[in-house]
Each structure stands twice: as C-alpha cells, then as structure tokens.
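To start, the structure itself, in structure tokens.
The values are calculated or read from the model by the stated rules, or taken from the named source; none is laboratory data. Values in this document were obtained by computation on a predicted structure and should not be read as measured data. Glycine gets a Cβ as well: all are built from the backbone with ideal geometry, and neighbour counts include every protein chain shown.
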Amino acid sequence: MSYFVKNSNLFSIQSVVDSFTDVITQQNAQIATLETTMASIVSSGGTGGASIADLTVVQMTVSALQAAVIAINTIVSDNTTAIAALQVPAFVATTPTLQWDFRDFIDTRQGIEFVPIPSDGVQIVDQKAVVDLPGPLHYLRGFVPIALVSKFSKSMMFRFKSIAGMDPNVDFVFSTFSGDPRFALGFAVRVFNGAIETNVYGGYGPSGSKPIYSALHPIPGYPSVIFNQYAHMAVVIDTDTGFITTYINGAQVGSTNSVTAGTTQAELDAGEYHAGVSFLPFFVNKSGEGGEGNARYDRIDYFDNVALTQQDVTYYYNESISN
C-alpha cells in the first residue's frame, strides 16, 4: 500500500531508522568477523595465556556488540511504530457516476449510449469522438435516467481539444436541454468567448425557467490551451455553498458564489428544473442557448450529487496525462 505523509516528522523519524539500520548492518559484520577470529583461536588448540586472553577479549567484544544490536533494534522498532502512526491511507478518488471514454459511444458505468445526430454527424477516430462538421445538427444525445441526475450538487470533467474555424464564439458545449431557453432543463456548460460558462436552471413558473446559478470564468492561456493541446476541464457545482468552481489542467480557473440575483430560497431548495421527466437528455455539442462548440472529445466524466475537491480534480488530471 502506498501512503501520503501526514506531517514532516515522518521524514526525520525515517532518517533515524535508516541510520540505525546501517549501524546494525556494520555491527553484524564486525560480529561475524570476530566470531571467525574466535573460531580460529579455538581451532588452533592453543593453551597459551596469550591465546586465552585473546579469546576472552574477542568474546567480550562480541557480547558488547550483540547488546548494542539489541538496543538499536529496540530503537528501530519504536521508530517504526511512530512511522505507522504518522501515515494515512492513500487517497481514493471519487468514482464517476457516468463515464464515456469513446472506445465506443456507450458509457462504461451504466451502459448509457450517446447517439450521433444525424447518424453520420459524429465519428469515433482513435478513441476520440470527433465533432468537426458545422451546423446545428451534429451532436451527441444520450438519455440518462433521472435517478442518476441530482437536482443539486454535481461535477463534470472533460478531456477535449477544440477545433478552430467553427463557431466564432462557442468552443465547447455540454448541456441537458435543447431548444427555447425559457424551458431549459438542468444545466449547461460552454466555453464561450474564452471563458467557462456554467448555468443551472430552475425556478420554473409563468415566465419559464431561469438560471438560479451562473458563473463565467475566463480561461488563462486561451485560446491555445484548448486548441493546440488536449485540455482537462472540470466544473464543480456545489449547491451546499452556492459556489461554482472550474479548473483547467488541474489548476483552478475560478471559484465564485454563483447564486443569481433575484433567486429565492424556495427556488434554491427546489434545485434544478427537471420538468417531471423520467430521462434527462445529455447533449454534447448542443445547447438551448445556441452555438455549437466543435471539438474532439477524449473523455467525459459525470459525478452525480457530489462536489469534487481539488484533490479529486488533481488526481484525475494526473491520470489523464499518464494514460
């Protein structure tokens, strides 16, 4: 099992153990040498005073060294116990509810399939979903059981590379609705004008649904960070705190209190508007707000009812660059 360091004292204690272990090795070597000398004296059969005296000295030295080894082993044992007390189990990352790795269009957790619309609009090339045609009809759609989509906290992670020359404003889209934004369901994430835009829709009433959480976080290094390389993007919606936090390549882009002006406590308590449906559509490259964000999608992870930590995001980012 691997371990994370609980505090810096672990290193100093380990150093003590290592140094004493070296001493034990050296003293055991000396004992072995002295025991060879003793055997030689005994085998010589000498009865002279000098030989007996030599044997006595050697025996005393061996006894002293053996006592020292016992004492040092006790120190090593005590310090090993201290090391164990300062260790904590290795970090275990939160498991995604849904995951598409685009070996095919089927999610690896629940078996939910993304269907290309139209059928020839999106293709898988080198285990990437390639959305590289202009226009409003080239996207993926999957129907997710509503039991897997909380009305409250959630997190999403994407590994993608945007394609230049498509929509001049939108470089990425992942949403749960399509059509008139007055009847928007769930949430939407876009890269819009160089920023990560996140909206959560609720408050359905006579005037329609509206964003109850909204955030816009400009991306450092845009546009090259998402066009010239595959980027790892994470979006964390924490309805317990009201904050939306976003990350690019493991580094935080923004974290803001995102409750929109005029949102009532009743609307926050009700959470996302799901319209009483049994399945919520997940769209890649389509949003009811308009604009298509053509890209190559390497992986999509959805975490239901959980706000990922920085440690989670760092873990998955490191995993993405090691694969």
One residue from Val130, Val149, Val115, Val144 being of a type in the set (Val, Ile, Thr) and without any contact (Cβ under 8 Å) to a residue 40 or more places away in the chain: Val115
Test: Phe160 is within 24 Å of the chain's Cα centre (by Cα) and at pLDDT 95 or above: yes
Taking the stated definitions as given, is Arg159 charged (D, E, K, R), in contact (Cβ under 8 Å) with a residue 60 or more places away in the chain and either part of a strand (DSSP E or B) or at negative phi (or both)? yes
Turns out the strands (runs of 3 or more DSSP E) fully within the stretch 94-143 with at least 1 residues that are of a type outside the set (D, E, K, R) and buried (at least 17 other Cβ atoms within 10 Å of the Cβ) are 98-100, 115-117, 128-131
Expected single match for on the phi > 0 side of the Ramachandran plot, under 36 Å from the mean Cα position of the chain (by Cα) and either at pLDDT 70 or above or not assigned by TED's automatic domain parsing to the domain that holds Gln311 (or both) among Phe102, Phe114, Phe91 is Phe102
Read through the list (1) without any contact (Cβ under 8 Å) to a residue 60 or more places away in the chain; (2) closer than 23 Å to Tyr139 by Cα, then give the number of the only condition that Val284 fails. (1)
Does Ser224 count as of a type in the set (Ser, Thr, Tyr) and under 28 Å from Asp298 (Cα atoms)? yes
Is at least one residue of the stretch 232-244 farther than 19 Å from Phe303 by Cβ and exposed (fewer than 13 other Cβ atoms within 10 Å of the Cβ)? no
